[in-house]
Amino acid sequence: MVRGQLRPIVRVYVEGPNLTNRLCRALVDTGFSSYLALTGEIIDVLGLQPAGYTHARLANDQIERFELYHAEVIFAGRTQSIRVHRTESESLVGMSLLSGNMIKIDARDGGAVEIETP
């Protein structure tokens, strides 16, 4: 669904160890080339296991270090094992998770966001 300020939000089912799971809402970010970024709160609730660190260049051209975690996700009808970035701002779906799908955004407040698989 498109929320205030025309922000396209999608749902991602995330599973941690010991079958802990959560249906998460995340902003579609076409400038984020990885899979998924989740807030620290969600990562902690799910008990995701650390997977190291990475560095990323942000839109403001700054390079920041991010903690990575292992997770299983169900998105667009597919189950994938991915690495999740920890963020303290908001959860994001990146282009790697969207890869192979078509996304349709009705860019009006309350409009639909549809993920279609080929």
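Exactly one residue out of T39, T20 is in contact with a helix residue (DSSP H, G or I) (Cβ under 6 Å, 6 or more places away or on another chain) and either more than 14 Å from I105 (Cα to Cα) or among the charged types (D, E, K, R) (or both), and it is T20. Being open to solvent by 90 Å² or more (accessible area, probe 1.4 Å), among the β-branched types (V, I, T) and either assigned to a strand (DSSP E or B) or over 24 Å from D106 (Cα atoms) (or both) is a description that does not apply to V14.
One residue is enough: does the stretch 98-117 have a residue meeting the conditions under 17 Å from L48 (Cβ atoms) and either open to solvent by 50 Å² or more (accessible area, probe 1.4 Å) or at pLDDT 95 or above (or both)? So far as the stretch 98-117 goes, no, none of its residues is under 17 Å from L48 (Cβ atoms) and either open to solvent by 50 Å² or more (accessible area, probe 1.4 Å) or at pLDDT 95 or above (or both).
The single condition among (1) open to solvent by less than 20 Å² (accessible area, probe 1.4 Å); (2) touching a helix residue (DSSP H, G or I) at 6+ places or on another chain (Cβ under 6 Å) that S34 does not satisfy is (1).
Is the stretch 50-63 home to any residue that is part of a strand (DSSP E or B), touching a helix residue (DSSP H, G or I) at 6+ places or on another chain (Cβ under 8 Å) and closer than 30 Å to A107 by Cβ? No, the stretch 50-63 has no match at all. If I ask for residues that are at pLDDT 95 or above and β-branched (V, I, T), which ones from the stretch 11-27 would you list? Within the stretch 11-27, V12, V14 qualify. Can you find a residue in the stretch 102-109 that is in a strand (DSSP E or B) and within 14 Å of L27 (Cβ to Cβ)? Scanning the stretch 102-109, I find at least one residue that is in a strand (DSSP E or B) and within 14 Å of L27 (Cβ to Cβ), so the answer is yes.
For the stretch 1-10, the candidate set comprises residues that are assigned to a strand (DSSP E or B) and open to solvent by 50 Å² or more (accessible area, probe 1.4 Å); within that set, the residue that is modelled with the lowest pLDDT is R3.
The values are calculated or read from the model by the stated rules, or taken from the named source; none is laboratory data. Everything numeric here is computed off the predicted structure, so don't read it as measured data. Counting neighbours? That spans all protein chains shown, and the Cβs are built from the backbone with ideal geometry, glycine included. Ligands, DNA and RNA are excluded from the accessible area calculation, which covers all protein heavy atoms including side chains. Shrake-Rupley method; radii C 1.70, N 1.55, O 1.52, S 1.80 Å.
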